[in-house]
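Novice: I'd like to ask you about the structure that follows.
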Amino acid sequence: MGWGWRITIFYGSFVVMMVGMVILAFQQDFDLVADDYYEQEIAYQGRIDQLTNAKDDNQKVFVSSVDGAIQLAFSAPAQDVKIHFFRPSDDTMDFRVAEASVESELNVPIAKFSKGKYLAKVQWKANG
């Protein structure tokens, strides 16, 4: 076999490999963190204000696992509590919990969660 055939086989296998990589790349699913992330970025100053208010008020939320439930313990009574359980790997498994008032703790059954990593985004009102 001469050099001409070896070069042709090398370039041919390279083309086949590149076509395979392109096909694999098009089959990947890329979930955005949020569909409206541009609007969220513009309104982020409101989130910064919320974090500053919570820090100034010494408000904390402690998350723990107890008796088949995820427990969120608030350091003070809270009103208008909204919790977004966010799954970074699959946005179809996200869910939200809302309560009008929480005295000290809120329990969310573990059965609502799928196996994997979740982040909890908590918003509440306290002391006006």
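Novice: Pull up the stretch 83-102, narrow it to residues that are open to solvent by 50 Å² or more (accessible area, probe 1.4 Å) and within 15 Å of the chain's Cα centre (by Cα), then point me to the one that is modelled with the lowest pLDDT.
Specialist: D91
Novice: Still on this structure: Restricting attention to the stretch 96-127, and to residues there that are of a type in the set (S, T, N, Q) and free of Cβ contacts under 8 Å to residues at least 60 places away in the same chain, which single residue is farthest from R47 (Cα to Cα)?
Specialist: Once the filter is applied, the top-ranked residue is S114.
Novice: Right, here's the next one. Which residues, taken from the stretch 55-68, are exposed (fewer than 15 other Cβ atoms within 10 Å of the Cβ) and hydrophobic (A, V, I, L, M, F, W, C)?
Specialist: Hits for the stretch 55-68 are F62, V63, V66.
Novice: Taking D80, is it open to solvent by 40 Å² or more (accessible area, probe 1.4 Å), more than 30 Å from D29 (Cα to Cα), charged (D, E, K, R) and in contact (Cβ under 8 Å) with a residue 40 or more places away in the chain?
Specialist: Against the criterion (open to solvent by 40 Å² or more (accessible area, probe 1.4 Å), more than 30 Å from D29 (Cα to Cα), charged (D, E, K, R) and in contact (Cβ under 8 Å) with a residue 40 or more places away in the chain), D80 qualifies.
Novice: So which residues in the stretch 45-54 are within 23 Å of the chain's Cα centre (by Cα) and either surrounded by 10 or more Cβ atoms within 10 Å (Cβ to Cβ) or not β-branched (V, I, T) (or both), if there are any at all?
Specialist: Scanning the stretch 45-54 gives Q45, G46, R47, D49, Q50, L51, T52, A54.
Novice: Would you say Q71 is surrounded by 10 or more Cβ atoms within 10 Å (Cβ to Cβ) and in contact with a Ser or Thr (Cβ under 9 Å, 6 or more places away or on another chain)?
Specialist: yes
Novice: Report, ordered by the first and then the second residue, all pairs with beta carbons closer than 8 Å, sequence separation of six or more or different chains, a first member in the stretch 51-67 that is over 15 Å from L106 (Cα atoms), and a second member that is among the small types (G, A, S) and open to solvent by 90 Å² or more (accessible area, probe 1.4 Å).
Specialist: none
Novice: Now for a separate question. For the condition of a type in the set (D, E, K, R) and surrounded by 13 or more Cβ atoms within 10 Å (Cβ to Cβ), what is the one hit in E105, E39?
Specialist: E105
Novice: I've got another one for you. Specify the residue that is modelled with the highest pLDDT; the eligible residues are those in the stretch 108-128 that are assigned to a helix (DSSP H, G or I) and either of a type in the set (A, V, I, L, M) or surrounded by 14 or more Cβ atoms within 10 Å (Cβ to Cβ) (or both).
Specialist: It comes out as I110.
The values are calculated or read from the model by the stated rules, or taken from the named source; none is laboratory data. All values derive from a computational prediction rather than experimental measurement. All Cβ positions, glycine included, derive from the backbone under ideal geometry; neighbour counts span all protein chains shown. Side chains are part of the model used for accessible areas, which takes the heavy atoms of the whole protein and leaves out ligands, DNA and RNA. Shrake-Rupley method; radii C 1.70, N 1.55, O 1.52, S 1.80 Å.
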